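Just below is one structure, and these are the notes that go with it.
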Amino acid sequence: MKDARDALCEYGRRTVEQGYVVGSSGNLSIRDGDVVAVTPSGVQLDRLRPEECPVVDLEGRVVDGCLVPSSETPMHLALYDTAPDATAIVHTHSVFGAVVATTHDALPAIHYNVLAFGGRDVRVADYATYGTPELALNVRTALAGGRTAALIANHGGVTLGTDIDQVFERTSVLEWLCEVYVRACGIGGPRILGDAELEDVERRLKTYTVGGRQTA
């Protein structure tokens, strides 16, 4: 798990640099088969060293490392159980994500990039105390249907995917969408894309090309 631990440190620093976490808040994990490397509890992510990252099995038992795993490890493990193809998770306390999660039941389609998360909005999981099975269940519910991002009421946000680079990009897009929405609310009623508009984007995405190659 050396590569996974190194990656947790690298992307942990990025979350701090981008302002997605404050102090020791937020956590990341990377899954490799039946074990998960996760950031430890109470350690600032921009000061994290690879050897400080605990490794747990899928039941949450520490199999390597001397520090206590993040208090949100149960949520990470619950999401890996729900989405077996996922190999990385990033949980943040970013400012604009927290604002939306504190005031709304969902982030609406302020921009078509919302479709990148598998739905036509971003759901806000019901509030529960951090680190509890209740919170893990609420986040699982918000991500049902193959979604890859959710906000967490009065808390923050979470993204998942097939590698840590992809997940960090999703984290950035989620925060950007939240910022656009919050700023738009400050100067007037935001225009929200409707089903017909989003369906048109979905059709175009099916024939989207990358490097001259059609993706579908």
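Among Pro190, Pro108, Pro69, the residue with the largest mean-square fluctuation in a Gaussian network model of the chain, with springs joining Cα atoms closer than 10 Å, is Pro190. Mean residue ellipticity, 222 nm, helices only, the chain: the sum of -39500 (n - 2.57) across DSSP H runs of n ≥ 4, divided by residue count and rounded to 500, is -12000 deg cm²/dmol. Rolling a 1.4 Å probe across all protein chains gives Ile110 an accessible area of roughly 30 Å².
Estimate the FRET efficiency between Arg203 and Ser24 by the formula 1/(1 + (r/R0)^6), using the beta-carbon distance for r and 35 Å for R0, to the nearest 0.05.
0.20
Taking a sphere under 13 Å around the Cβ of Cys9 and counting the other residues whose Cβ falls inside, with K and R at +1 and D and E at -1, yields a net charge of -1.
Consider all pairwise Cα distances in the chain and report the whole-number % of them above 30 Å. That tail contains 22 percent of the Cα-Cα pairs. Solvent exposure of the chain amounts to 50 Å² per residue of accessible area, where only protein heavy atoms count and the probe is 1.4 Å. For the chain, the longest principal axis of the Cα atoms and the long axis of helix 164-187 meet at an angle of about 50 degrees. Quick check: net charge around Asn138, other residues with Cβ under 13 Å of its Cβ, Lys/Arg +1 and Asp/Glu -1? After counting each charged neighbour, the total is -2.
Within the accessible area of the range 1-150, the carbon and sulfur atoms contribute 49%, probe 1.4 Å, all protein chains present.
Comparing Val158, Val55, Val35 in a Gaussian network model of the chain, where Cα atoms under 10 Å apart are tied by springs, the biggest mean-square fluctuation is seen for Val35. Considering only Glu175, Glu52, Glu17, the mean-square fluctuation computed in a Gaussian network model of the chain, springs between alpha carbons under 10 angstrom, is largest for Glu17.
All other residues whose Cβ lies under 13 angstrom from that of Thr73 are scored, Lys and Arg at +1 and Asp and Glu at -1, for a net of -2.
The values are calculated or read from the model by the stated rules, or taken from the named source; none is laboratory data. Bear in mind that the values here come from a model prediction, so they are computed numbers and not experimental data. Backbone-built Cβ (ideal geometry, glycine too); neighbour counts: all protein chains shown. Heads up: the accessible areas ignore ligands, DNA and RNA and are worked out on the full protein's heavy atoms, side chains in. Shrake-Rupley method; radii C 1.70, N 1.55, O 1.52, S 1.80 Å.
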